[in-house]
1. What Kirkwood radius, in Å to one decimal, follows from the Cα pairs of chain A?
2. Order A:399-405, A:110-116 from most to least packed using the mean count of other Cβ atoms within 10 Å.
3. Put one equal scatterer on each alpha carbon of region B:239-316, apply the Debye formula with no solvent term, and list log10 I(q)/I(0) at q = 0.18, 0.19, 0.23 1/Å to two decimals.
4. Taking the Cα-to-Cβ direction at residue B:60 and at residue B:425 and moving 7 Å from each Cα, how far apart do the two end points lie in nm?
5. Counting only helical runs of four or more DSSP H residues, what would the 222 nm mean residue ellipticity of chain B come to if each run contributes -39,500 (n - 2.57) and the total is spread over all its residues?
6. For residue A:221 and residue B:338, what is the calculated FRET efficiency with R₀ set at 51 Å and r taken between the beta-carbons, to the nearest 0.05?
7. Against the globular-protein guess of 2.2 N^0.38 Å, express the Cα radius of gyration of region A:367-456 as a ratio, rounded to two decimals.
8. Where does helix B:44-63 land angle-wise versus the long Cα axis of chain B, in degrees 0 to 90, nearest 10?
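Nothing in this text is a laboratory measurement; each read-out follows from the coordinates by a stated rule. These numbers were taken from a predicted model, which means no experiment stands behind them. Because the Cβ atoms are built from the backbone with ideal geometry, glycine has one as well, and the counts that use them run over all protein chains shown.
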């Protein structure tokens, strides 16, 4: 009895054990197969590798996701000795090898013992689509959303069922509409019946935007007569909506260009507008501000990498101090001897601008310097039909903030009062006990300092090279003259008017002709109103 | 007052250093080599590097014993990105300093302005930059790429490997982009691309506000056909252009941009992570893996004492041109212009991409064409190259008024624009 029981339990144990072994073995074999497929990524041409990626995608095994991600990022290497493929992490001169499927570290190799698996655009596209398919069911909603967007951008009939399964299981309100569009996009390229396709056209048409236009135009090329009118109607309705949005887009671009002009010109509005100095070295102050940003970022990169997102905030006061000090030195050293002699001031400041450029060229070299965008200034977001890039948005905000601060300084502080007093009636101000030479020096330093902080902002969108300033000097003078010399509000309105005008002309006339037209319009305008938009009135002007 | 004194000091120092550069060590037992690159002004950004590269090559050659038993001596002048000044400085190099050959110029307009000087004084210029073609001069050797060594293979690559059907030709508004785009447009139409699938766009030098154009490109690319941008945008304008592309999310997988004026040097001022996969077509990349290039990069980094300095295609062109000149002078046994001009044709020297480049009778050289994709580390990775060397074609076969012209500077013909249709020397250009 006892033996029989023991025998039976032994039997069941044996069966379980055998079962376990089979399961384990099949799992192992699957693992081996996958491993072989991953290893095959290292062989052959780009076209071969694309086929391999597609084959991997067909397994539907989420274990290959890290390997594919590494392939796209260029971190997948083949070991020369045994042709095995590994994920790698750089550690000094050697590479740490990581198993692509299990994620375990397997050892280290010298970089020369490995060959990088090269990627090109078609391979990257294949990886993107494969990853999209594999991550559609990911537990993370953000990953699912990205996967759905990928499927929407590169629709394929093969993936239709996959998308439909994902759609049925989807509960997240953000991901669902994107998946619905992805399903519609895949449906359009499949061989489903026309009435389903009509519904799909409606789904995509309602979504609107450039992606939808692209999908529908592609579908139109292969559509039959039954479907054609639907697609055409959807395309024309999208185009109508886009035409409306494009006006908004132009205004936005204009505001953004205007804010750059405002930043570049606002310092000049003080040195040229308020003080009347034709300051050709203004652009170089902007450049010095940009180089200050570069130096700050360089120090942060080498010593305090964690602070990188704060680099601009740190650079702002420093740029103000550096350029302000240079401005002070220029005023005390050169300009104060030349008051009342505009031609000589022009020549002297132009000479200073050349000296500053060449000095920067000698110190930092003639090539461009890399100033990085902090993470909060990178990328873009969609606002209806508008694409708004973060760096442009922040520059508009920043330009307005600088303008407000300057206005406050001039109108509400004792220093501002003295500045205005000196520029309006120097002798009277002097009689009231104001030390006019110092006010001159400080005003010039203020204008230069503001140009410096403009340089911090411009380093985010333009080259940081010794020539940076030259590109802005003409535009700055144009804004100040157009807006009205000596009037800050004029500079503000002038900058935004020129920005928007430029951006409305550009789509029709092209960038080159647009710029010429703006210049001609300004010349005509100055003929009519020699003192600009907002002319100063009163006795000070006549003097 | 102290500031004034200091300024005067700085000025004196500047004057002194230029005189030193101008060849204060003149001696009779040297062969002089002129270097005509802008060291100030807008083009200094690109040309200063070439000046340094030339000085390095000359120094290396002197270590090997110079040329014809004499030391080489560099004479550096600064034409300051000012086109008429190029002609003046060229004349100074040839007539006052009596240099045996000049290496220099970058922009086409600077080359055009010095052509009459080299013709009149019968001296030699080596021009190291890719250019628009449509020129072949007796006194000039073109070591950069002609359009068929850069632009046309790049377009072929995109058409065949990426299936591109819609094209944006974007360029800076001057002679090189305009002529190149004219050739490309004719080529694309000959290949069966519909005119409405080609968008041409020009921008001023140093253009910095690319919002409208990038969004136009996105719009143009939303027509359901694969779209690519062919960029002849020059120098400084590239950084804001690529920044805007990155920010507006134009990915290389969707709309690739292939550039003809963006090399390692231009990328040094950029965070290239958002740009991975955008392309450039050149005849050399720093990443090309072979012993000659590794040696060149090592020497360059040691010479500039900067581990981060990059090499680029025009530097390789100077490397080839300089070595060709050395070989030709040795062959001729003299630096006399006419003898060297004759000896130059057929001279073959190693290039840095692992092969040999030969000077052809049309004064252009043979080169491989490489297509590279931008990597996150600011380098290019070659994704395609021509199977063999490509001979520079000075007169484009795709333009109506130059397709019958050929150039051959060997003895019986000796003509830069021989018209095969009429059988006469002369026609368009000079």
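1. For chain A, the Kirkwood estimate is 28.8 Å.
2. Working: A:399-405: 16.1, A:110-116: 13.9.
Most protected by this proxy first, the peptides run A:399-405, A:110-116.
3. Taking Cα atoms of region B:239-316 as identical point scatterers yields -0.80, -0.86, -1.08.
4. 3.7 nm
5. Values: 12 runs with 156 residues, N = 430.
-11500 deg cm²/dmol, from helical runs alone.
6. The pair residue A:221/residue B:338 has a calculated efficiency of 0.25.
7. On the way: Rg = 19.3 Å, N = 90, 2.2 N^0.38 = 12.2 Å.
For region A:367-456, the normalised Cα radius of gyration is 1.59.
8. 50 degrees
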